[in-house]
Amino acid sequence: MTIEQTVTTVDAIVDRHNASPSALIAILEEIQEACHYLPGDALTRVSERTGISEGEIFSVATFYKNFSLTAKGRYVIKVCDGTACHVRKSIPILNALREHLGVSAEKPTTEDNLFTVETVSCLGACGLAPVMTVNDHVHPKMTPESALEVVSGLRGEAKE
């Protein structure tokens with residue numbers, strides 16, 4: 001997204017919320033949904049439009065784990081490593097995904113910006129362990145092989 005497109009997107013979102021400082025979290029959520037992360041230019045524009053300092057906006061954006069200041073892939077894969085998932089072998093799933101996609105904890109997004117692989121402490125689906133999500137869609141009782149099948153399906157979907 002160009003800077004001009006980002007400004008246009010942010011302006012539309014801020015306008016929907018009447019540039020209200022009390023709507024900051026909702027504004028940031030919508031920007032992240034549109035851009036897949038919170039670009040610095042977007043945070044600057046929110047500051048200009050709402051009167052909230054950039055420092056305060058940055059504080060909110062870094063306080064909540066759901067917000068990201070770095071670009072993510074089209075498909076965000078979250079592998080649960082909570083107790084139930086860990087005991088039921090979520091780490092081999094994570095390792096298979098990372099190896100297959102050529103990503104790591106330090107560089108979680110593929111070169112083509114199609115996939116981002118993250119771990120989370122709990123997805124709240126312990127009875128379905130081990131679990132992973134793709135853009136918040138739950139995939140239960142995963143294995144390394146079934147996780148790679150999901151990735152293959154997403155690659156096919158992306159080509160359509």
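Structural remarks
- Fewest-first ranking of Leu38, Leu24, using other Cβ atoms within 10 Å as the exposure measure: Leu24, Leu38
- Legend: distances between Cα atoms for Lys89/Lys159; Lys65/Lys141; Lys72/Lys159; Lys107/Lys159; Lys65/Lys107; pairs beyond 21 Å are Lys89/Lys159; Lys65/Lys141; Lys107/Lys159.
- In this structure, His17 and His137 have a Cβ-Cβ separation that, at R0 = 30 Å, corresponds to a calculated FRET efficiency of about 0.65.
- Backbone HN-Hα couplings from phi across segment 115-121 [Karplus 6.51/-1.76/1.60, Hz, Gly and Pro as x]: 10, 10, 10, 10, 10, 9, 6
- Beta bridges per DSSP with both ends in segment 75-159, % antiparallel, nearest 5: 55 percent
- By the count of neighbouring beta-carbon atoms within 10 Å, fewest first, Thr119, Thr143 end up ordered Thr143, Thr119.
- Here the chain carries DSSP beta bridges of which approximately 55% are antiparallel, counting only pairs with both residues inside.
- Karplus-derived 3J(HN,Hα) values for segment 35-52, using 6.51 cos²θ - 1.76 cosθ + 1.60 with θ = phi - 60°, are 9, 6, 5, 10, x, x, 4, 5, 5, 4, 5, 4, 4, 4, 7, 9, x, 7 Hz; glycine and proline are entered as x.
Read the figures in this text as sums done on the coordinates, not as results from a lab. All values derive from a computational prediction rather than experimental measurement. As a convention, Cβ positions derive from the backbone with ideal geometry for all residues, glycine included, and neighbour counts pool all protein chains shown.
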